[in-house]
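Any read-out appearing in this document is the output of simple, stated calculations on the displayed coordinates, not a laboratory observation. In this text, all values refer to a predicted model and were calculated from it rather than measured experimentally. Ideal geometry is used to build each Cβ from the backbone, glycine not excepted, and the neighbour counts take in all protein chains shown.
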Amino acid sequence: MEAIVLNHIVNLTENTSPLTMTTLPDPVPQANEVLVKVSACGVCHTELDEIEGRTPPPHLPIVLGHQVVGCVEARGRNVSAFSIGDRVGIAWIYSACGKCKYCLSGNENLCHNFRATGRDANGGYAQYMTVAANFAYRIPAAFTDVEAAPLLCAGAVGYRSLKLANLKDGQTLGLTGFGAAGHLVLKVARYQYPNSSLFVFARSESERIFAKELGAAWAGDTTDESPIKLDAIIDTTPVWTPIVEALKNLDAGGRLIINAIRKEDFDKDYLTRIDYPSHLWLEKEIKSVANVTRADVSEFLQLAAEIPIKPEVQEYALADANQALFELKARKVRGAKVLRID
Ligand SMILES: [Zn+2]
Ligand SMILES: [Zn+2]
């Protein structure tokens with residue numbers, strides 16, 4: 001099969017083509033696995049973290065990509081949940097142990113043996129991949145393959161971050177960062193919390209205009225002060241400045257949810273600007289979001305079909321994955337980037 005692989009950890013400002021097209025043997029499904037012929041794979045900021053070594057794959061080369069949509073082409077002898085030809089999705093959670101206290105309590109996202117698609121196992125930047133059948137999801141008919149791909153990460157993790165925000169309808173919600181995850185969170189929040197006002201903090205004017213088009217009550221820069229203090233803020237940025245700035249905009253008892261697998265270090269000294277009385281005091285909370293559970297992915301796919309959510313997507317050929325990653329790094333983002341694979 002054709003695949004575009006990562007061979008080395010690189011600095012993307014020095015090497016803008018970290019991935020190489022290659023031919024790999026077609027993967028063969030184990031007894032509990034399905035072989036998926038990939039048709040679309042979303043491009044996620046986490047790929048940048050893998051390529052640049054902030055969350056490095058344990059083995060190289062690796063096929064990246066964890067927002068995978070395709071059809072079941074073959075199945076292992078123990079698989080009965082799917083038939084040949086069924087359309088399925090694969091998300092960031094590739095597997096978990098199934099036995100630990102986290103797995104048994106529905107927090108499999110925290111499992112010490114959590115394995116990630118496209119990091120700990122080959123992902124979807126390829127014509128085929130295999131996955132355990134109980135870590136694959138049916139894709140609702142409402143979505144095309146390309147539309148469904150970004151729902152599997154940006155959407156599902158965004159949904160998890162909204163769950164962790166613990167919002168009640170009518171409370172105010174802020175979103176700092178307005179890329180793929182941010183715009184999907186806004187759409188879910190408007191549906192689940194119809195009486196809540198939404199405030200968006202984004203660096204670029206085009207993102208702010210986009211946020212207002214989608215129903216934000218207010219949109220400003222990441223360093224701006226919101227017109228009122230907010231009950232919860234979800235951060236989907238890769239950096240630190242918005243964290244400090246968001247804390248200043250939280251109301252007493254408010255909660256900041258950090259939806260990022262890793263943060264970049266270049267603006268880390270901004271954290272020294274934290275002022276206890278204005279940023280943390282009055283019982284403000286900070287909570288990070290780690291990975292996703294299968295329940296998050298399934299629930300979100302159903303919710304997205306019901307709302308419905310149609311993500312804004314930009315399509316690229318598999319061979320242009322480097323270009324898509326470069327543009328993501330340069331924050332040329334409006335909606336989500338998806339590789340279309342033949
Ligand atoms: Zn992702
Ligand atoms: Zn476990």
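Some values worked out for this structure:
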{"quantity": "Listed residue pairs exceeding 22 Å between alpha carbons, taken from K310/K332; K248/K332; K163/K187; K212/K263; K168/K284; K37/K163", "calculated": "K248/K332; K212/K263; K37/K163"}
{"quantity": "Length released on extending from L104 to K229, taking residue separation times 0.36 nm less the Cα-Cα span", "calculated": "41.2 nm"}
{"quantity": "Convex hull per residue volume in Å³, alpha carbons only, for the stretch 96-229", "calculated": "161"}
{"quantity": "Relative contact order (%) - criterion: Cα under 8 Å, at least six apart; region: the stretch 1-82", "calculated": "40"}
{"quantity": "Value of relative contact order over the chain, rounded to a whole percent, pairs C-alpha under 8 Å and six or more apart", "calculated": "19"}
{"quantity": "Pairwise label distance in nanometres, T22 with I209, each label 7 Å out on the Cα-Cβ vector", "calculated": "4.3"}
{"quantity": "Nitroxide proxy distance, nm - points 7 Å out along Cα→Cβ at S298 and Y191", "calculated": "1.8"}
{"quantity": "Efficiency of FRET from Cβ geometry, A31 and I9, R₀ 30 Å, rounded to 0.05", "calculated": "0.35"}
{"quantity": "Burial order of peptide ranges 187-200, 292-305, 31-44, 93-106 (average beta-carbon count within 10 Å, highest first)", "calculated": "31-44, 292-305, 187-200, 93-106"}
{"quantity": "Label point distance in nm, R54-D265, each placed 7 Å from Cα along Cα→Cβ", "calculated": "1.2"}
{"quantity": "DSSP-loop trypsin sites (Lys or Arg not before Pro) across the stretch 146-183, with at most 13 other Cβ within 10 angstrom", "calculated": "K168"}
{"quantity": "Cα-based Rg and Dmax for the chain, where Dmax is the largest Cα-Cα distance (Å)", "calculated": "19.6, 61"}
{"quantity": "Volume per residue of the C-alpha convex hull in the stretch 16-122, rounded to whole Å³", "calculated": "126"}
{"quantity": "Peptides 176-184, 65-73, 263-271 ordered by average Cβ neighbours within 10 Å, highest first", "calculated": "176-184, 65-73, 263-271"}
{"quantity": "Net charge, C153 excluded, C-beta distance under 11 Å - Lys, Arg +1, Asp, Glu -1", "calculated": "-1"}
{"quantity": "Charge tally in the Cβ shell below 14 Å around A121, where Lys, Arg are +1 and Asp, Glu are -1, A121 excluded", "calculated": "-1"}
{"quantity": "Within-10-Å neighbourhood charge of Y94 [Cβ basis; K, R +1; D, E -1]", "calculated": "+1"}
{"quantity": "10 Å-binned pair-distance histogram of the stretch 200-316 (Cα, whole percent)", "calculated": "12, 35, 37, 14, 1"}
